[in-house]
Amino acid sequence: MVKDRYYSKEKYEAPMETFGVGIVFIIVGVISLVLNTIHFDFIGLSYWGYWLFIPAFFIMIGGFTQINTNRKFQKAVRVALMDRDFQGNHKLEDIALEVGIKPKDVLRVLVDLRDKGFVKYKFNSNTGEIELGKGVEYKVSTDFIPPPKKIEAPLPAHDKNYCVYCGQQLSESAQFCENCGSKI
């Protein structure tokens with residue numbers, strides 16, 4: 001992989017946490033105004049809490065900016081797939097280079113587009129390439145235990161008949177998960 005490739009510095013992320021923080025700041029600001037109105041002081045909140053409206057404003061702008069970035073990424077990936085007539089086998093890295101988005105972000109966009117029903121694809125279990133136009137039936141293994149949110153190192157997958165990341169049942173010869181594309 002070449003280090004000097006140009007990818008967007010923006011990230012594809014869920015904006016809900018951003019909006020949650022902004023709403024908490026707004027609620028604390030409103031509570032401080034109410035406390036100030038009824039002349040009740042709680043840990044000095046009636047004197048400083050209304051200042052939280054300022055960071056709340058900028059936090060909410062950040063959330064709306066992230067929504068716009070996500071839509072831009074989804075549109076770019078959809079156009080790239082449309083150019084391919086939503087058919088054929090393609091490397092994730094090739095699509096990422098074409099749209100100028102990091103491969104891990106393209107993967108997240110693809111998952112969201114598949115969940116919304118905009119695209120059908122699965123990963124080739126031998127090569128890891130994306131097979132557009134082919135759907136994958138998600139069959140979760142009974143032995144699957146969801147991994148923690150933060151993973152420091154690849155999870156051991158030897159002697160397992162399922163993907164350790166998403167739980168998809170795998171064939172014995174699979175080198176990649178058909179559902180999430182993880183290397184087994």
> Pairs, please: C-beta under 7 Å, at least 6 apart or cross-chain, first residue crowded, with 16+ Cβ neighbours inside 10 Å and in the stretch 28-50, second not in a helix (DSSP H, G or I)?
Replying inline: Leu35/Asp41; Leu35/Phe42; Ser46/Phe40
> Of the residues that sit in the stretch 112-147 and are at pLDDT 90 or above and among the hydrophobic types (A, V, I, L, M, F, W, C), which one is farthest from Phe73 (Cα to Cα)?
Replying inline: Phe123
> Within the stretch 138-147, is there a residue that is assigned to a loop (DSSP other than H, G, I, E, B) and within 18 Å of the chain's Cα centre (by Cα)?
Replying inline: yes
>> From the list Lys104, Lys134, Lys160, exactly one residue is under 27 Å from Lys9 (Cα atoms) and basic (Lys, Arg). Which is it?
In response: Lys104
>> Looking at the stretch 148-184 only, could you name the residues that are of a type outside the set (Lys, Arg), outside any loop (DSSP other than H, G, I, E, B) and either at pLDDT below 80 or under 21 Å from the mean Cα position of the chain (by Cα) (or both)?
In response: Gln168, Phe176
> So which residues in the stretch 79-111 are more than 15 Å from Glu131 (Cα to Cα) and not aliphatic (A, V, I, L, M)?
Replying inline: Glu98, Gly100, Lys102, Pro103, Lys104, Asp105, Arg108
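Conditions tested, residue by residue: (1) within 16 Å of the chain's Cα centre (by Cα); (2) modelled with pLDDT under 95; (3) among the small types (Gly, Ala, Ser).
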{"site": "Ile59", "(1), (2), (3)": "no, no, no"}
{"site": "Gly63", "(1), (2), (3)": "yes, no, yes"}
{"site": "Arg71", "(1), (2), (3)": "yes, no, no"}
{"site": "Lys75", "(1), (2), (3)": "yes, no, no"}
{"site": "Asp94", "(1), (2), (3)": "no, yes, no"}
{"site": "Pro103", "(1), (2), (3)": "yes, yes, no"}
{"site": "Val106", "(1), (2), (3)": "yes, yes, no"}
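The values are calculated or read from the model by the stated rules, or taken from the named source; none is laboratory data. What you see is a predicted model, and the numbers here were worked out from it, not measured in a lab. Cβ coordinates were reconstructed from backbone atoms using ideal geometry, including for glycine residues, and neighbour counts include every protein chain displayed.
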